[in-house]
Every structure is written in structure tokens, then in C-alpha cells.
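Some notes on the structure that comes next.
The values are calculated or read from the model by the stated rules, or taken from the named source; none is laboratory data. In this text, all values refer to a predicted model and were calculated from it rather than measured experimentally. Note: ideal-geometry Cβ built from the backbone for every residue, glycine included; neighbour counts use all protein chains shown.
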Amino acid sequence: MRLYPKMALRSPIPWQQLQLLRRSTPSQHGLAIHRPFCPTSTLLRSFHSSPNHLMKVRKPGSFSTIRFTASDIPPLSHWESLASQTGNPITALGLTPEACLSTMQQYVSIAPTLQQRPLPTTLAKDKLHSIAVLIITGPPNAAWPIALHMLNTLVSLSYTPSILTMARLGFRTHKLGEPQFYPARCAFDALARKETDPNACTLQGLILAAQDTPATDMQALYWFRTAARLGGEVRGSWDWQAGCALQMGKVYLRQQEKDKARDIFRYVALELDVAEGCWLYATLLEHGEERKGMVLKAAVSGIQEAAREAARLEGLEMEKARQEGTLKGWEANLKGCLQKEWETIAGDRTMYEDGVSM
């Protein structure tokens with residue numbers, strides 16, 4: 001299902017024409033660097049957003065410590081509530097509320113002995129991972145320590161989805177350099193060096209791009225290109241496909257490579273159908289119908305900057321029609337309402353505000 005309706009725009013650029021997404025040699029884009037070698041020390045530095053904050057490798061951390069009891073397991077009603085939601089994440093993962101509860105109960109009962117025994121075959125890795133992700137993607141609650149323990153166990157078993165989840169969690173919370181993430185950090189280090197997983201390459205690129213320096217931007221582009229080459233062009237062929245392309249385009253913008261950035265954002269908007277891509281593509285277009293279409297497409301998906309621009313465009317059109325004497329009463333009311341709606345989505349107006357923008 002598409003996130004929003006298609007717009008009548010120019011035909012999409014074939015992925016083959018976006019060679020900058022496929023090239024594996026950075027020097028082809030004026031980047032005079034060799035294929036980066038990433039020993040552990042290089043990757044460990046890249047895990048912090050500040051290049052001056054160098055990590056000290058300390059004793060492995062504490063996610064393996066038991067800080068939970070059976071009373072911390074979410075009750076059956078919690079899982080039933082998830083199953084009743086629109087999109088039903090429980091069924092989408094091939095689970096049932098009863099299976100989620102029983103799996104967690106079994107895991108908690110054997111958790112203290114997992115360092116001395118293998119994981120029982122009744123606890124499938126994919127099931128444990130899915131349940132843990134359901135917990136940590138929700139609001140903080142008493143079950144978080146259980147979920148983190150589950151993911152940490154799966155990291156120790158070299159389960160790739162859990163390695164990536166833990167590494168990304170550490171990166172997003174600015175804690176990847178802390179002791180508790182040490183096992184995930186080491187596992188991710190090894191996974192990224194193989195250059196066989198597009199998601200791992202994407203995450204390494206994101207980590208480097210977050211440092212926002214010319215040197216790390218060049219390295220990040222290498223990893224993004226590698227991810228694109230490994231993952232391919234088909235929409236949804238790998239999990240972090242859109243994130244890879246979006247951040248690649250942002251790096252090109254920082255390097256003042258606007259043509260390359262525009263091509264990438266156009267691909268994200270038209271091929272991957274991502275709202276942020278629509279907005280970023282619109283910011284690089286000349287004023288016209290295509291730009292307006294991209295702005296509206298992003299605005300209806302809740303991109304605040306796009307909604308703010310949509311409100312501005314409605315105001316300009318209304319003022320132009322008024323000056324030309326072509327603005328009828330009903331049309332003025334309609335455009336005024338649309339402008340207020342966009343301002344509400346942009347966060348510039350409360351829903352019940354009476355006529356004055358905040």
C-alpha cells in the first residue's frame with residue numbers, strides 16, 4: 001500500500017542512471033580517497049558524534065545482568081491490545097498474544113542460566129528478536145530490561161538482526177561507546193567489515209555522517225554506495241534502503257553537490273515513495289507544478305516544513321487572485337481554510353485557534 005496517492009509527475013529516473021548510487025570508487029566523484037580500511041579502532045571512534053570524544057574500551061557491560069523478574073513480563077492484555085491495533089504488529093510478525101506471553105515467560109525462567117547453556121530450540125531466534133523489538137519500540141516500561149537482555153543474548157549468538165538493532169539503539173541514544181553496548185559494538189564491527197550486509201553498511205555510513213566533517217562525509221559516501229550496490233534498486237529489498245539514500249543526498253548537499261542530491265531525493269520520492277524525500281526533492285526544484293506537487297505530497301504525510309510551505313503557497317495564491325480580482329467569496333473561504341489546516345499540521349496554529357497564526 002502506498003503511503004499517499006501518486007502525483008502526475010515526470011517519469012522516474014531509472015536506478016541505472018543514478019550511477020552515483022552504484023559506484024564503489026569514491027574518486028569518481030572527486031573524492032580522492034582509497035577504499036577505507038576500518039579496523040576496530042577506526043570504527044570505535046566513529047561511534048561517537050563528536051570526533052574529539054574517543055572511546056575507552058572497558059569491561060563488557062551490563063545488559064547480561066538479570067534486572068527483572070517474572071512480574072515484569074507484560075500481561076496477556078498488553079499483547080492483545082497490540083494485536084487489536086491498526087496494522088496489527090503481532091500478526092504481521094507471525095505471532096499471537098499467547099505466543100508472546102509464553103515465550104517471555106519461558107525466557108525469563110531460564111535467563112539466569114543462559115551463560116552456561118545453549119538457547120533451547122523452543123525459543124526461536126526470530127521470535128525472541130521480534131518480541132524484544134515490540135517492547136523497545138514502545139514506551140519505556142518494566143519489560144525493557146527483559147527485551148534488552150533478549151537482544152544481548154541474540155547478539156552473543158551472532159544473530160544479525162539483533163546486532164543491527166542493538167548497534168542502532170546505541171547510536172541513536174549516543175551510548176554506543178558505553179560498556180553495556182560493548183558486545184554489540186564488537187559484533188557490528190565484525191559485520192560491517194565483511195561488507196556483505198546492506199543494512200550494516202548503511203548504519204556504518206550513518207555513524208560516520210553524524211560526525212559531520214569533510215573526512216567522515218567522504219567515508220560515509222563509500223559505505224552508502226556499498227549498501228546501495230549490495231541491496232539493489234527494488235523498493236523494500238532491504239530495511240534501511242530509504243535511510244541510506246536520504247542520508248547520502250544530505251551528505252551531497254553538505255558538499256554542495258546539488259545535482260547529485262536532487263537525483264537521489266527524486267529517486268527516494270518517486271521510487272521509494274518516502275515523504276521526507278518528497279520534501280527534500282521539492283527544496284531543490286524551481287517553482288512550478290512539480291515542486292508544488294512534491295510539497296503537497298510531503299505535507300499530507302505530516303512533514304512540518306512541507307506543511308508550512310503549503311500554507312505559504314496557499315496564501316500567495318489567495319493574494320494573487322485577490323489582486324487580479326478573480327477571488328470569489330467561496331474560494332477565499334476555501335483557501336483560507338486550507339491555509340489554516342496546513343498551519344495546524346506545521347504546528348504553527350492550534351486546532352481551535354481563531355484566525356490568528358501563532
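Things worth noting here:
- Selection status of Leu101, in contact (Cβ under 8 Å) with a residue 24 or more places away in the chain, under 22 Å from Ala184 (Cβ atoms) and either of a type in the set (A, V, I, L, M, F, W, C) or in contact with a Pro (Cβ under 7 Å, 6 or more places away or on another chain) (or both): no
- Only one of Ala111, Ala132, Ala167 that is part of a helix (DSSP H, G or I), farther than 16 Å from Asn199 by Cβ and under 23 Å from the mean Cα position of the chain (by Cα): Ala132
- Pairs, first without any contact (Cβ under 8 Å) to a residue 24 or more places away in the chain in region 297-323, second part of a helix (DSSP H, G or I) and polar (S, T, N, Q), C-beta under 8 Å, six or more apart: Met318/Gln339
- Selection from region 139-152 of residues that are part of a helix (DSSP H, G or I) and in contact (Cβ under 8 Å) with a residue 40 or more places away in the chain: Pro145, Ile146, Leu148, His149, Met150, Leu151, Asn152
- So Ile136, is it among the hydrophobic types (A, V, I, L, M, F, W, C), free of Cβ contacts under 8 Å to residues at least 40 places away in the same chain and loosely packed, with under 15 Cβ neighbours inside 10 Å: no
- Of all residues in region 224-273 being touching an Asp or Glu at 6+ places or on another chain (Cβ under 8 Å) and not in a helix (DSSP H, G or I), the one that is surrounded by the fewest Cβ atoms within 10 Å (Cβ to Cβ): Arg235
- Members of region 172-221 found to be hydroxyl-bearing (Ser, Thr, Tyr), within 21 Å of Leu253 (Cα to Cα) and surrounded by 19 or more Cβ atoms within 10 Å (Cβ to Cβ), listed by number: Thr202, Thr216
- Residue pairs whose Cβ atoms lie under 9 Å apart, separated by 6 or more positions or on different chains, with the first residue in region 106-127 and on the phi < 0 side of the Ramachandran plot and the second basic (Lys, Arg), are Ile110/Arg117; Leu119/Lys125.
- A single member of His129, His53 is under 22 Å from Phe171 (Cβ atoms) and modelled with pLDDT of 85 or more, and it is His129.
The rows are residues; the columns are (1) β-branched (Val, Ile, Thr); (2) surrounded by 16 or more Cβ atoms within 10 Å (Cβ to Cβ).
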| site | (1), (2) |
| --- | --- |
| Glu80 | no, no |
| Thr103 | yes, yes |
| Gln106 | no, no |
| Ala111 | no, yes |
| Thr122 | yes, no |
| Ala132 | no, yes |
| Leu154 | no, yes |
| Ile163 | yes, yes |
| Arg168 | no, yes |
